[in-house]
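Student: What follows is a structure written as structure tokens; I'll ask about it next.
The values are calculated or read from the model by the stated rules, or taken from the named source; none is laboratory data. On a predicted model such as this, the values are computed, not experimentally measured, just so you know. In this analysis, Cβ positions are derived from the backbone assuming ideal geometry, glycine residues included, and neighbour counts consider all displayed protein chains. Accessible surface areas use protein heavy atoms only, side chains included; no ligands, DNA or RNA. Shrake-Rupley method; radii C 1.70, N 1.55, O 1.52, S 1.80 Å.
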Amino acid sequence: MTLVKTTYNRRSFLKSTALAGGGMVLGFSWLASCKPSAEEVLAMPKEWFDINGFLKIGENGVVTIMSPNPEIGQNVKTAMPMIVAEELDVDWKKVIVEQAPLNTDIFTRQLAGGSQSIRQGWQGLRMAGATARRMLMEAAAKQWGVPVEELTTEAGVISHKNSGKTAGYGEVASAAAGIPVPEEVELKDVKDFRIIGTPRKNVDGKKLYTGQPLFGLDIQREGMLIAMIEHPPAFGMKVKSVDDSAARAMSGVKDVFTINSLPEGIEKQWSDTNAFPELVVVVAESTWQAMKAKKALRIEWERTGDAESTAGHAAKLDELIAKAPAEPARKDGDPEAAFKNAAKVIERTYSAPFLAHNTMEPMNFFAHVTDEKAELVGPIQTPEFLEKTISAVTGLPLEKIHIDMTRMGGGFGRRLYGHFGVEAAVISQKVKAPVKLVYTRDDDMTQGTYRPGYKVLYRAALDENNNLIAFHVRGAGTHGSPIFANRFPAGAVDNYLAEEHSLDSNISTGAWRAPRSNFIAGAEQAFLDEVAEAAGKDPIDFRLELFDRAIKNPVGKDNDYDAERYAGVLKLVKEKAGWGKDMPGVGRGVSAYFCHNSYVAQVVDVATDGGSPRVKKVWCAVDCGIVVNPEGAINQIEGGIVDGIGHAMYSAMTFKEGKPEQSNFDKYRLIRINEAPAEIETHFVESDIDPTGLGEPSLPPVIGALANALYKATGKRVYDQPFAMGSAVLG
Amino acid sequence: MATFNLNINGKKQQVDVDADTPLLWVLRDHVNLVGTKYGCGINQCGACTVHLNGVAMRSCMLPISQVGEQAVTTIEGLSENGDHPVQKAWIEHDVAQCGYCQAGQIMNAAALLKNSPNPSDEEIEGAMAGNICRCGTYVRIKAAIKTAAAG
């Protein structure tokens, strides 16, 4: 066992212990709204005993575990409580999971982003479970008059071997609630895990499949009004005047007004990205009435900035990557001389468009703001930042603002930027009523916060023996370059140059699942495929040679990857996919990438079968350390693969005179079931390293493997995403 | 505003709404059945799929005035205890990620299996291509439909 000092979330333990001073504590008030369905056979306890801020135990042994982080479909609501349950040593069947509200006294980093929930929550969650287990054991030891060291636990039962005594956790929960929080606790050895590493089904599955209200858009409250907004139709515009006479005359319409959700002078958070803080608002009794009134508004808009276009962006990105920036992001050796002396130079450019997040549940939020307090409920990846901005905008202190997080109908980074929550609060404060703000799909898709458009130039130099002697990458993107200067192949090439350009724009951009990696991985892995081909080498062998170099004699000191683990996933996927065997009618492509602290390698098989190419199968090897929930983990890997293939093949957000040209799914193409891979096979590297990211890492590399497979299947290289746009073959 | 008599999940209900209100918003705002989801409002994503007289139908553009007393079935009424073969298969395959589109997927899949108890891959893809899953759970959706068909 590993002995760990209980330094994490000390405040939460102290606080809950104080709460539990009386011995018995009733459940939190919000429990009432989360009753389990009749199908969950668990008998609800008569009393709950708070052991610490993460969990409470009923007298009948049923355990409620709080899931601290926002759930956006990455399945942390199942995985995070599994970690607590593991160290608590309880039967998973006796666990009820509840979404915790924002509570910075108890929880740290209640944020869904960067594939970090499990990685950064790992120690704290284990400690919460282990601390509670220890308190239960101490309570039993005291009761039985035996040393606590002689007690063991299994599946929620404490045993004393010598006396033969046993007690369920529920029997000692009341006493345990009064035990002082231990100074240090033992954590399990990885080999003793009983829950972590075993497949567990989504804790919300049954509720999802029977239509229970779980999402922000499902919120209903007494006296609640529906608010909808109109934002400018183009970037670089704002409201000039509003004629609301027709809208006001419509049935159910309560009010029409304009708001500024980010007034000058307030303290802003990084999450307050918003191109359209000024909005026209319609408040009505029902959603349909608000939608109709919205259409009846006569708004005059005025231009305040450039009217940008996709053609203009492309021209500017071309200009940028044609020239060197003043300073390189990284330079090793003498790239200039190496390129001059090269036997062969390969040079290619790659591009990708802006993308909308398009969560299936459009932006929305419930707010009830009064003079004394604010209650907010809705889908948000960054509740802590939202609370701060709402405090600044409404003038209410933080402690008067309560935020409940609902399950989210997708995140992908979009709900890191909580302007819709702020807007709901401002609207509620103005109309003095509980309000649910609802964006239409059009409002949502044309609001901005997009994945930036990118372009990158790659050059590689080979010597007469086909060794890679120099590598040059120069990338440009809107609001920042897509380059990670210290990632592979930095460290594996003597002469290396990475350069970055940024293009300013009035179109707002934001983090979109695997930011920057979601473009650069595909470009880099497609380029390396061409370099390997030019060198006359197998694409996997070529990469393994480079990793070998980085393992034995790395260039530079800041390389941001472990070359052995990188090579490990590539070797694993090579073996599993049977790389090298003859596959008639199938084009195979490979890729490997490291991001969010995890390593992923993929083989994609594309078959043409006489028609358009279709991904037949994807093999995926993943090294993300310990896998908490293999069922959910495989689902995430599959989703990232489909997401990557879909956007690389079909999706684009384009602009004309500042106006988004796609505003709904009739024009914005998303991958459909008939275009998805027929099969995905996922393999995890067995590991006892602490878990790393999983929600994002499978997306970036698949774009490269897809491009390489398309080349093998069709004989044509693809450079510009979306690959299918304007292509008769790939259509 | 006008009064409409509806037959939802086997229950007669009366609502007082604008005649052009789509069935989707009647379900969500007026009879508190929020399992049917709003995704696009233009029949493109399938999140709002319900059954009208047993046939899969998008509810986001269907005015309530055209529904009359035809039998409407929503995800809440697909089965009494959430044990329709499709719902069971969805649990078995742990299909959902965010889960938002899944009610529409399930309603569409249930209608497909009613018409074609043993659909081929092509049939499944043809019938389900109108339902977007932004999380990309398509591989599991297809597997779950096959399980439901076999079961």
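Student: Per 0.36 nm of contour for each residue apart, how much would the distance between A:K191 and A:K581 grow if the chain were fully extended, relative to their Cα-Cα spacing?
Tutor: Residue separation times 0.36 nm, minus the Cα-Cα distance, leaves 136.7 nm.
Student: Ratio of alpha-carbon Rg to the 2.2 N^0.38 Å globular estimate for the stretch A:589-731, to two decimals, please.
Tutor: Rg over 2.2 N^0.38 Å, computed on Cα atoms: 1.11.
Student: Kindly tabulate the residues in the stretch A:260-307 with an accessible-area decrease of at least 10 Å² between the chain alone and the assembly of all protein chains, using a probe of 1.4 Å.
Tutor: Flagged in the stretch A:260-307: A:S286, A:T287, A:W288, A:Q289, A:M291, A:K292.
Student: Further question: Over what distance in Å are the Cα centres of the stretch A:205-231 and the stretch A:368-428 separated?
Tutor: A separation of 16 Å, based on Cα centres.
Student: Okay, next question. Could you check how many percent of all C-alpha pairs in the stretch A:632-704 are farther apart than 21 Å?
Tutor: Roughly 41 percent, once rounded to a whole number.
Student: Between A:E336 and A:V157, what FRET efficiency follows from the Cβ-Cβ distance if R0 is 51 Å, with the result rounded to 0.05?
Tutor: 0.15
Student: Using the Cα centre of the protein assembly as shown as the reference point, and only Cβ charges (+1 on K/R, -1 on D/E), how large is the resulting charge dipole? Debye, rounded to the nearest 20.
Tutor: My answer is approximately 700 debye.
Student: While we're on this one: Which of the peptides A:615-621, A:222-228 is most tightly packed, and how do the rest follow, going by the mean number of other Cβ atoms within 10 Å of each residue?
Tutor: Sorting A:615-621, A:222-228 by mean packing, highest first, produces A:615-621, A:222-228.
Student: To continue, here is another question. Determine the shielding of peptide B:27-38 by partner chains: average, over its residues, the number of Cβ atoms on other chains within 10 angstrom of each Cβ.
Tutor: The per-residue average across the peptide is 5.
Student: Among A:V718, A:N341, A:I266, whose Cα lies farthest out toward the positive end of the dipole of chain A, if unit charges sit on the beta carbon of Lys, Arg (+1) and Asp, Glu (-1)?
Tutor: Ranked along the dipole, the leading option is A:V718.
Student: Sticking with this structure for a sec: State the volume of the convex hull built on the alpha-carbon positions of chain A, expressed per residue in Å³ and rounded to an integer.
Tutor: Spread over its residues, the Cα hull of chain A gives 175 Å³ apiece.
Student: Along the stretch A:57-74, what does the Karplus equation 6.51 cos²θ - 1.76 cosθ + 1.60 (θ = phi - 60°) give for ³J(HN,Hα), rounded to whole Hz, x for Gly and Pro?
Tutor: Once rounded to whole Hz, the list reads 10, x, 5, 9, x, 6, 10, 9, 10, 7, 9, x, 8, x, 9, 10, x, 7.
Student: Okay, next question. Indicate the helices, whole DSSP H runs only, in chain A that combine a mean Kyte-Doolittle hydropathy of -1.0 or more with a Cα extent along their long axis of 27 angstrom or more.
Tutor: Helices meeting the span and hydropathy rule in chain A are A:117-144, A:630-650.
Student: Now for a different question. Using only the Cα atoms of chain B, construct the convex hull and provide its projected area averaged over every direction, in square nanometres to one decimal.
Tutor: If you wrap the Cα atoms of chain B in a convex hull and average its projections, you get 8.2 nm².
Student: On to the next question. Leaving out ligands, DNA and RNA, calculate the buried accessible area for the pair B and A with a 1.4 Å probe, summed over both sides, in Å² to the nearest 100.
Tutor: Roughly 4900 Å² of accessible surface disappears when B and A pair.
Student: Cα to Cα, under 25 Å, and not fewer than 8 places away if on the same chain: which lysines meet these conditions relative to B:K12?
Tutor: Hits, sequence-local ones excluded: A:K207, B:K37, B:K114.
Student: Amide H of A:Y454: which non-local residues (sequence gap of 5 or more, or other chain) have their own amide H closer than 5 Å, using H built in the peptide plane?
Tutor: A:A352
Student: Still on this structure, I have one more. Please work out the C-alpha center-to-center distance from the stretch A:172-192 to the stretch B:7-40 and express it in whole Å.
Tutor: One Cα centre to the other: 50 Å.
Student: When the accessible area of the protein assembly as shown is computed with all protein chains present and a 1.4 Å probe, what percentage of it is carbon and sulfur?
Tutor: Its accessible area is 48 percent carbon and sulfur atoms.
Student: What residues in the stretch B:99-116 lose 50 Å² or more of accessible surface when the other protein chains are added to their chain alone (1.4 Å probe)?
Tutor: B:Y100
Student: Given the -39500 (n - 2.57) contribution per DSSP H run of 4+ residues, what per-residue ellipticity at 222 nm results for the protein assembly as shown, rounded to the nearest 500 deg cm²/dmol?
Tutor: Using -39500 (n - 2.57) per qualifying helix, the result is -9000 deg cm²/dmol.
Student: Pairs to check: A:K295/A:K432; A:K268/A:K659; A:K93/A:K571; A:K93/A:K142; A:K206/B:K142. Give those whose C-alpha atoms are more than 30 Å from each other in this structure.
Tutor: The answer is A:K93/A:K571.
Student: Let me ask something else about it. Could you work out, residue by residue across A:666-676, how many beta carbons of other chains sit within 10 Å of that residue's beta carbon, and then give the average as an integer?
Tutor: Counting Cβ atoms of other protein chains within 10 Å of each residue's Cβ and averaging gives 6.
Student: Right, something else. Please figure out what share of the DSSP beta bridges in the protein assembly as shown is antiparallel and state it in percent, rounded to the nearest 5.
Tutor: Here the share of antiparallel DSSP bridges comes out near 75 percent.
Student: Hey, another quick one. How far apart, in nm, are the 7 Å Cα→Cβ label points at A:E661 and A:D318?
Tutor: Output for this residue pair reads 1.6 nm.
Student: Taking each residue of A:407-413 in turn, how many C-beta atoms of other protein chains fall within 10 Å of its C-beta, and what is the average?
Tutor: Mean shielding by partner chains, rounded to a whole number: 4.
Student: Right, here's the next one. Consider a paramagnetic label point 7 Å from the Cα of B:N5 along Cα→Cβ; state which residues of the stretch B:14-31 have an amide N under 19 Å from it.
Tutor: Only B:14-19, B:31 fall inside the zone, counting backbone N under 19 Å.
Student: What accessible surface, in Å², does a 1.4 Å probe find on A:L457, ignoring ligands, DNA and RNA and rounding to the nearest 10?
Tutor: 10 Å²
Student: Over the stretch B:12-151, average the accessible area per residue using a 1.4 Å probe and give it in Å², no decimals.
Tutor: 33 Å²
Student: Please give the solvent-accessible surface of A:F215 in Å², to the nearest 10, using a probe radius of 1.4 Å with every protein chain present.
Tutor: 10 Å²
Student: Could you pull out the trypsin sites (Lys or Arg not before Pro) across the stretch A:340-438 that fall in loop regions by DSSP (anything but H, G, I, E, B) with no more than 11 other Cβ atoms inside 10 Å?
Tutor: Within the stretch A:340-438, the qualifying trypsin sites (Lys or Arg not before Pro) (loop, at most 11 other Cβ atoms within 10 Å) are A:K432.
Student: In the stretch B:102-140, which trypsin sites (Lys or Arg not before Pro) fall in coil by DSSP and have 15 or fewer other Cβ atoms within 10 Å?
Tutor: none
Student: Filter the GluC sites (Glu not before Pro) in the stretch A:670-731 to those in DSSP coil with at most 13 other Cβ atoms within 10 Å of their Cβ, and list the result.
Tutor: A:E686
Student: Express in whole angstrom the spacing between the alpha-carbon centres of the stretch A:631-663 and the stretch A:560-585.
Tutor: Here the answer is 26 Å between Cα centres.
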